[in-house]
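Throughout, read-outs are computed from the coordinates displayed, never taken from laboratory work. Everything numeric in this text was worked out from a predicted model, so none of it was measured. Every residue, glycine as well, gets a Cβ built from its backbone with ideal geometry; the counts of neighbours run over all protein chains shown.
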Amino acid sequence: MIHSLFLINASGDIFLEKHWKSVVSRSVCDYFFEALERATEPENVPPVIPTPHHYLINVLRHRIYFVAVIQSEVPPLFVIEFLHRVVDTFQDYFGVCTEAAIKDNVVVVYELLEEMLDNGFPLATESNILKELIKPPTILRTVVNTITGSTNVGEQLPTGQLSVVPWRRTGVKYTNNEAYFDVVEEIDAIIDKSGSTITAEIQGVIDACVKLTGMPDLTLSFMNPRLLDDVSFHPCVRFKRWEAERILSFIPPDGNFRLLSYHVSSQNLVAIPVYVKHNISFREGSSQGRFELTLGPKQTMGKAVESVLVSSQLPRGVLNANLNPSQGTYTFDPVTKLLSWDVGKINPQKLPSLKGSMSLQTGASKPDENPTINIQFKIQQLAISGLKVNRLDMYGEKYKPFKGIKYMTKAGKFQNDCHLLVIQKIAG
Amino acid sequence: QIQSSIFNQRKAHSPGHVCKNILHVPVSGLLFGPWFLCRNEDLKEMLESNKESLKLEAMKRIVGLIAKGKNASELFPAVVKNVASKNIELKKLVYVYLVRYAEEQQDLALLSISTFQRALKDPNQLIRASALRVLSSIRVPIIVPIMMLAIKEAATDLSPYVRKTAAHAIQKLYSLDPDQKEHLIEVIEKLLKDKSTLVAGSVVMAFEEVCPDRIDLIHKNYRKLCNLLVDVEEWGQVVIIHMLTRYARTQFVSPWREDAVFDENSAKAFYDSEEERRVDQSKPYIMDPDHRLLLRNTKPLLQSRNTAVVMAVSQLYWHLAPKHELSIITKSLVRLLRSHREVQYIVLQNIATMSIQRKGMFEPFMKSFYVRSTDATHIKTLKLEILTNLANEANISTILREFQTYVKSQDKAFAAATIQAIGCCATNISEVTDTCLNGLVLLLSNRDETVVAESVVVIKKLLQTQPSQHSDIIKHMAKLFDNITVPMARASILWLMGEYCEHVPKIAPDVLRKMAKTFTDEEDIVKLQIVNLAAKLYLTNSKQTKLLTQYILNLGKYDQNYDIRDRTRFIRQLIVPNEKSGALSKYARRILMAPKPAPVLQSAFKDRDRFQLGTLSHTLNSQASGYLELSDWPAVAPDQSVRNVEVVEPVRLPCIYLQKNGNAVKVESRSESESGSESSSSESSSESGSELDSDSDSGTDQKKNTKPKPVQSKPFDAVSWPVCVSLQASSPVFVPETSHELLHRMTGKGLSAQYRFTRQPCIYGNSMVSLQLTLSNSTDQALENIHISEKSSTGQNIHRFNAIERLEPQASVTVSMGVDFNDSTQAANFQLCTKEDEFSVSIQPAVGELLLPITMSEADFTKEQGKLVGMNESSATITMTPENVSSQSVNRKVVSVANLGVIPSGQENIYRFSGKTVSSGSLVLVSVVLKDPDAVITINTEKTVMGSMLLRQVKTALTNSGP
């Protein structure tokens, strides 16, 4: 399946290679570089590139291209999903997935890649299993290892590998038993220039951090499970139980994991928590344009809207902008024409605004593109869909765990590291 | 190259080492220069030192070199010496090195082979597995026989993890030496029977790579694979689902018939009417239950977090499910659109293909395909494609409004693609053609050149479909002509002028006049169209254009481009009659002014469905190497009985189970149920036991007496059983699931116990009956030290289970024990003890459980029966209830009462069963002769008491109706 893997940084250097079958020369990456040259943006490189003898499947994350070399038919999503899993694993191990982190930990990276694939077919991708085989590097462990001469590599087959709950290792012990669940919702909307919603949907996830001793069996129930339109589960969730009772029943993995992702369909009315008033105009024949923007909260259940960031791609004709924010700071990049305004928290009593003028290229005619406005924000303690966790019960163990649930609403489209699109307001 | 590598190596190098080693540089290192040699000498020295830490450090640096793609093959001899190191991390790094360079250094690599062969016998399964992984990854042809042997051995290993590695090794060996195919297929066949979810995915992968055409190997495993699927790891799921899709297309009939009626309950009618169906095609379609099984068992996987699994299930439904069931995959596919960019790309491609054939599936989710300004260009174009496919009379106005905003996008390539899409919508939906055309005409005054150019090209295509009504648009374009600079657009307008010059008789010659002036400055593509226009006008309106045409033809004659010179020459000969031009010029008008069919604007995904969805070939729209065609549905389903499996019931060997609240937290049971592996079970149970509670020391005494042995213990030998005749013992035909109460939780103060007979030869002793005991704790405290008391109250010999150290509340555990009942139904009494209490319990066996089945031929049966007559024979006549008369029901009734083997009978109404008593091994023969409406049951055995008891039980069983 997967023959080789090349890691390529933003400046086009291959800084790591790994082969699982016979060695494929790194010159195969020339085809990738060709595609990279043709693409205007880094994101525009096609994920699948055919070459005379191989196929290159790549993903771009953290400004690193992970290029897998394939020789014969394989479902492309299989490879893409695996590469993303590799990135997730690196992130899990090193905290960040950057070129520097990978280079610093090249031996661990190699050991991990060796365990994750055998002959190009995934062998162990569960983080719990990998961590038993290869312990994540910490400063303490490095020091201890140099003194005692012990190693980072496990000698026994991880217990999870053979059991029917491969995601959980056995013999987990904690002095403080805790289970935290974060309900994070991202709202995704497009609003047209008159202010009416074109699309709005909510994409939610429940991320868990479970540190419980032994083999706990948890059930999580919701006040209003019918809200959830479409769900996908971590393999630990018992699907039958959900089908029948709408209860999440599972033996959790140890540590951090994503329990559930869900979607609240656009059929239900999605409340948009902020509004934008804007007036962007250019006069014909004049080299000046007027810019006015006001933000305000709407349907936030009394919770504060925080970390607000507004960005807008101004028309190409705009030379510079001279604006005056009532709060926060703004920047305008005259090269990319990107205006971004870091608003901070919205105070409902005194609405933040950004006003001023734009100077246009002299002689240029009135720009005909409508700038779009993207907004990012966060609201703590609120799940905008109204989803509420009812209770969490634990069976199978005796102790009383500490349980915590946190809600948060964000604006956003992708969990990806690409630029976040949030509310797109078509002005003009 | 060398220079830079030296530079890099130096950077990674600690200065202290460099300085020290400069002193050791031999002067003879002329070829590579002192630095390079120094570096390797340094690492070599470290590898040869006695200190583990130095060796490890050296290996880490070497791995760093490999990762950077530097050549470290020189160090091979020094590295390979460490292959047998005790330090597991060092060993692993050496493995990494070996796999990378063994192919280049074949002779030296052979030095390491014996180490791996030894490691293959290691008691630690991880070491066995990794030895096999490395051994099979060393691509040295000389060791093929060794690899073959190792794979064969590992395929029967007790550890499923090792067996999984063996499945991977099959593919490696196959790519190294394809001549081994036949042998490897044998191993695959064996591994396909494996019941472990860990192995399933890998062996199917091997199957797909080595022998994808041997569909016959799948038949017997089909149902098992379907049932295991949910528990297989996610990567295996993808591979299995793709394979089963292919399988199903060869084995089942198409569910896509127009008049299909979906009634799976009348399966019987289906079997009976095989002949009829062929005659009468309008017979309702009934889905094969196996086909349904596959669809049903894959459906929950749509909720998987793994996008590849969701896509695999979606393509399975697309290719196999009845059309009306397809809609369930829509939502899941739309969900995947919120995943990473690369995932979106693949999913959108597949949706594009689907949406051409079935608009309805995705229409409700149209808004999910709206383009966002942050999407990558290839995502945007795919979304456009889908929106175009989804357009119909009802939603076209919404889509067009959306398209209008896209046209204004700053991404010009995307704006151009949108204009193409508008053109597509206009041709597909005749109601909006005019609206679209007007919209496109408006775009002609757009400031952006690419937008205008693209609009012209699309308008040209649209006008071709109905030119007569649109002469004003052509006029409008002629007016704009001067402002348009994009060559393709200019060429398009000129072509339109020429083609429809009769609709614009006044303007066309004027345009030609202008072009004559600028001819020399135009691009080639425009020049060709000028020549074309001139020729067409010459034919229709020669009065006005004769001179212009000749002027243009003269310009063309001396053009720098040979295409244009050729074209000019050709046109001149064609349209200007002279003595040499011959017959062709007569047809000039018909050649040039022939009505041309309008171009069809169609999706690029039109014919993608020739490839299986979700595959690489589908993504590339060309066949990738190793692509396996999806066959068409067979007209008549092949024999479906091939998928039937004889084994009635998988039997679990004694092995520990943990149950919590009934939510099956099963710890993998290595239950190979087939006779032959029994003797190894004590080992496996102790192994799983020790893995289970590794934090407590409950398993210590188990560990002590049954140290896990890597070497297979000798298989169960039938001859060693004390059977008076040389008859073969066989596996039980039927194992009842019913368990009997041993201790009620009320009497047991919260401890309850149940037992059931496994009907397997007991592993603890040849004369014992094997029992499975399930103990559960219904109190709210843990029970400790559960065991059977040493002192037995009756004479029976009991093999006790190992004491259970601790049983958590609400948990239960299953253990096995053996009791020698000494061929009597006298109850075995013993004490079940916990830390605090003792409970007297007793097990009363039914006489049928004191037997073991044996097989023999019919002739042997009659011979043996002849010896056991007189007082050894007991018989009775009964009246059978009509529903019991069928052969199946007689067989089932008898084997459920007693653990007997069925003897294939030559006569229709005589049924024979044989077995032997467990303790003494005396033969027990049962025959049932049907004489409508009566039946005579005869039992022959030396053990007359047992015989008469058995007779009574068989009698009751056969007279009772019901199952």
message: Give me B:V885, B:V203, B:V735, A:V264 sorted ascending by neighbouring Cβ count inside 10 Å, so fewest comes first.
response: B:V885, B:V735, A:V264, B:V203
message: Whole percent per 10 Å bin, from 0 to the bin with the longest distance: what is P(r) over all C-alpha pairs of region B:40-251?
response: 8, 31, 29, 20, 9, 2, 0
query: What average count of beta carbons from other chains do you get within 10 Å of the Cβ of residues in B:132-142?
result: 1
- line: To the nearest 20 debye, region B:40-251 has a Cα-centred charge dipole, built from +1 on Lys and Arg Cβ and -1 on Asp and Glu Cβ, of 520
Stokes-Einstein D for region A:2-148, Kirkwood Rh over Cα pairs, 37 °C, 0.692 mPa s (µm²/s): 206
- request: Please label the shape of region B:462-591 as rounded, prolate or oblate, based on the square roots a ≥ b ≥ c of the eigenvalues of the alpha-carbon gyration tensor (a/c under 1.5 means rounded; beyond that, a/b larger than b/c means prolate, else oblate).
  value: oblate
message: Full-extension gain between B:S840 and B:S53, please, as 0.36 nm times their residue separation minus the C-alpha to C-alpha distance.
response: 277.2 nm
message: Within region B:468-508, name every residue whose backbone N is under 15 Å away from a label modeled 7 Å from Cα of B:I525 along the Cβ vector.
response: B:484-496
message: Can you sort B:D122, B:D482 from fewest to most other Cβ atoms within 10 Å of each residue's own Cβ?
response: B:D482, B:D122
- prompt: Where in chain A are the helices, taken as whole DSSP H runs, whose Cα atoms extend 18 angstrom or more along the long axis and whose Kyte-Doolittle mean reaches at least -0.5?
  reply: A:76-94
task: Might you report the magnitude of the Cβ-based charge dipole of region B:760-809 about its Cα centre, with Lys and Arg at +1 and Asp and Glu at -1, to the nearest 20 debye?
output: 260
- request: Please give, to one decimal in nm, the separation of the simple spin-label points placed at A:K398 and B:E363, each 7 Å out from Cα toward the Cβ.
  value: 6.3
Environment charge at B:A598 (Cβ cut-off 14 Å; Lys +1, Arg +1, Asp -1, Glu -1): +2
Per principal axis, descending, Cα span of chain A in whole Å: 77, 57, 45
- request: Would you kindly state how much longer the chain becomes between B:Q640 and B:K557 on full extension, computed as 0.36 nm times their sequence separation minus their alpha carbon distance, in nm to one decimal?
  value: 22.4 nm
message: When 1/r is averaged over all different Cα pairs and the result inverted, which Kirkwood radius in Å belongs to region B:849-959?
response: 13.7
query: Normalised by the number of residues in region B:281-362, what is the relative contact order in percent for Cα pairs under 8 Å and 6+ residues apart?
result: 20
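Based on other C-beta atoms within 10 Å, arrange B:M366, B:M488 from fewest to most.
B:M488, B:M366
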query: Can you give the calculated 222 nm mean residue ellipticity of chain A, where each DSSP H run of n ≥ 4 adds -39,500 (n - 2.57) and the sum is split over every residue, rounded to the nearest 500 deg cm²/dmol?
result: -5000 deg cm²/dmol
